[in-house]
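The values are calculated or read from the model by the stated rules, or taken from the named source; none is laboratory data. Not measured: the values here are computed from a predicted model. Every residue, glycine as well, gets a Cβ built from its backbone with ideal geometry; the counts of neighbours run over all protein chains shown.
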Amino acid sequence: MDADSRSLNRRGFLLGAGAVAGLGITGLALPSSAQAAAAPRIYSCAEWGARPPADPLVTLNHPANRILVHHIADANSTDYSQAHAFQVARDEQADHIDNNGWSDTGQHFTISRGGYDLEGRHGSLAALRSGNTMIRGAHCPGQNTTRSVLRTRAPT
C-alpha cells in the first residue's frame, strides 16, 4: 500500500470514529454495544493550560445536533506525547486569539496526533456533558448556531 493510500485509509478511519463518537455524544441512537463503551477521557482547558477567552463566549440554548471534523494547518509531528498535545493546543489557541481575532480557540474539541482528547473552546466540555447547550464555535460559518439536521445523500 502506498503512502497516499495509507493516509486516505487513516483519514477515513478517523472520520468514521469521530462520527460514531459524535453520535454517542449527541445522544443519537447507537447499538447497545457502542453505548456501553466508556466515555473518552477529555482534558479540560484548565488541564492543558488554556488562556482565558479574550471576550465572553456565547452559550446556545440547544444541544449540538452534528459533529464537524476538521484539522489544524500545522505540520505533522512524530511526538505523540501528552505534553506535545497540550503545547499544540496552546499554540493553536494563541493563533486563533492573536491572529484570527477570535475570542478563544475556534473548535470545540481537539484530538491530538497521539490520541489525546482536549476541550477546545472554554465551556464546551460542560455543555457536552449537560446535553442541552452548546458553545458557539468560530469555525464553519453557518454551522455554529443552527438546529437543523444535516442530511447527506449516499452515493448511488
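Here is a list: Val58, Val69. Which entry is surrounded by 15 or more Cβ atoms within 10 Å (Cβ to Cβ) and either in contact (Cβ under 8 Å) with a residue 24 or more places away in the chain or of a type in the set (S, T, N, Q) (or both)? Exactly one residue qualifies, and that residue is Val69. Looking only at residues that are among the acidic types (Asp, Glu) and within 17 Å of the chain's Cα centre (by Cα) in the stretch 26-83, which one is modelled with the highest pLDDT? Filtering first and then ranking leaves Glu47. Among what's in the stretch 84-112 and is more than 13 Å from the chain's Cα centre (by Cα) and under 19 Å from Pro40 (Cβ atoms), pick the residue that is surrounded by the fewest Cβ atoms within 10 Å (Cβ to Cβ). The residue in question is His84.
Taking the stretch 108-140 as the range and being within 14 Å of Pro52 (Cα to Cα) and assigned to a helix (DSSP H, G or I) as the test, only Ser124 passes.
Mind checking which residues of the stretch 77-107 are of a type outside the set (A, V, I, L, M) and in a helix (DSSP H, G or I)? Scanning the stretch 77-107 gives Gln82, His84, Phe86, Gln87, Arg90, Asp91, Glu92, Gln93, Asp95, His96, Asp98, Asn99.
Surrounded by 21 or more Cβ atoms within 10 Å (Cβ to Cβ) and farther than 26 Å from Gly142 by Cα: does that describe Tyr116? So Tyr116 passes the test.
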